[in-house]
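The values are calculated or read from the model by the stated rules, or taken from the named source; none is laboratory data. What you see is a predicted model, and the numbers here were worked out from it, not measured in a lab. So basically every Cβ, Gly included, is an ideal-geometry build from the backbone, and we count neighbours across all protein chains shown.
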Amino acid sequence: MNDRNELRPPQWMKAELHAHCDLDPVDRRICPFSAQDLIKEAARLHYQVLAITCHDLDIWTRDLAEYAAGFGITLIPGMEVTAGGKHVLVYNFGARAEHLRTWIQIRALSRPDTLVVAPHAYFPSWTCLGRDLETYIDVFDAIEVSGFRTAGIDFNRRARALAAAHRKPLVGNSDVHQLWQLGRTFTWIHARPDPESVIGAVKEGKVRVEESALSYVDAVRFWMTALMRAAFAPRSQRGNRRFVPDTSPKESGR
């Protein structure tokens, strides 16, 4: 932990803890932006905390964290792993995805400075947790309110009810695959600007969810754009690239 940050009092910080980019091994074809692009856009929208949670790949590096810090953003190590066949958000584990494939493995590797979040738990997909969330509720530190909702269609209702029943904090995320999703649903976290403090604050429930429903136009726009890119984007090996620091001037738009 940075000694300077230890001396700073906690503050409310705007956070996105579920985002993808073109390094994602699964979704790179529908995420036409780099980690740098994501960080710059988050900074423009005054985010102070960000986790880039690629599927089964933690792209966090010291260089990338320093790059984000140049824009005033604390970058949290994390990824969206597939455990028990279901998607799970894990943070700061320092382990490869293949070591987090089962609930037993996640339990065994969990520490006070790690975080496990249930994403889009009751959405209609076989990769969503569904009944497994309550079955393995002890594994999870928090439950996600997903930004993928409209005024009339909201699959987060059961997640909210379960969080209340089991006294689990809620975190709001946009599950970013297109940059325009940023700023719609997010979390305010009361912490110092370092990963351990952010994780501790989430576990302690020092969070506030701010959310707004997508319009039906935006919901259709998302799916049409994703389908078009998946169908017509050239297959690339970008998911195998590592982060290369951008040496261009840092203009955060603040």
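For the residues 62, 44, the requirement of being closer than 19 Å to residue 147 by Cβ, surrounded by fewer than 20 Cβ atoms within 10 Å (Cβ to Cβ), basic (Lys, Arg) and out of contact with any His (no Cβ under 8 Å at 6 or more places or on another chain) singles out 44.
Summed over segment 133-153, the residues that are under 24 Å from residue 51 (Cα atoms), among the acidic types (Asp, Glu) and out of contact with any Pro (no Cβ under 7 Å at 6 or more places or on another chain) give a count of 2. Considering only segment 119-140, I want to know if a residue exists there that is out of contact with any Phe, Trp or Tyr (no Cβ under 8 Å at 6 or more places or on another chain), farther than 19 Å from residue 174 by Cβ, hydrophobic (A, V, I, L, M, F, W, C) and surrounded by 15 or more Cβ atoms within 10 Å (Cβ to Cβ). The answer is yes; a qualifying residue exists. For residue 160, indicate whether it is of a type in the set (Lys, Arg) and either part of a helix (DSSP H, G or I) or out of contact with any strand residue (DSSP E or B) (no Cβ under 6 Å at 6 or more places or on another chain) (or both). When the stated conditions are applied, residue 160 passes them. A count restricted to segment 109-153 and to residues that are modelled with pLDDT of 95 or more, closer than 16 Å to residue 186 by Cα and among the charged types (D, E, K, R) stands at 1.
Among the residues of segment 118-155, those identified as assigned to a loop (DSSP other than H, G, I, E, B) and β-branched (Val, Ile, Thr) are 127, 153.
Return the total of residues in segment 171-194 being assigned to a strand (DSSP E or B) and either more than 22 Å from residue 77 (Cβ to Cβ) or over 13 Å from the mean Cα position of the chain (by Cα) (or both).
Filtering segment 171-194 down to residues assigned to a strand (DSSP E or B) leaves 171-173, 176, 186-191.
After this cut, where a residue has to be either more than 22 Å from residue 77 (Cβ to Cβ) or over 13 Å from the mean Cα position of the chain (by Cα) (or both) as well, the list is 188-191.
Result for segment 171-194: 4.
For residues that are of a type in the set (A, V, I, L, M, F, W, C), surrounded by 22 or more Cβ atoms within 10 Å (Cβ to Cβ) and closer than 18 Å to residue 40 by Cβ, tally how many sit in segment 166-197. Looking only at that region, the number is 2. Before we move on, is residue 51 touching a helix residue (DSSP H, G or I) at 6+ places or on another chain (Cβ under 7 Å), at pLDDT 95 or above and aliphatic (A, V, I, L, M)? No. Determine the pairs where a residue that is closer than 18 Å to residue 27 by Cα, located within segment 43-67, has a partner that is surrounded by fewer than 17 Cβ atoms within 10 Å (Cβ to Cβ) and among the hydrophobic types (A, V, I, L, M, F, W, C) with Cβ atoms under 7 Å apart, the partner being 6 or more residues away or on another chain. Between residues of segment 43-67 that are closer than 18 Å to residue 27 by Cα and residues that are surrounded by fewer than 17 Cβ atoms within 10 Å (Cβ to Cβ) and among the hydrophobic types (A, V, I, L, M, F, W, C), the close pairs are 55/26.
Quick check on my filter: what residues within segment 65-116 are within 12 Å of the chain's Cα centre (by Cα) and of a type in the set (Gly, Ala, Ser)? Passing the criteria: only 78.
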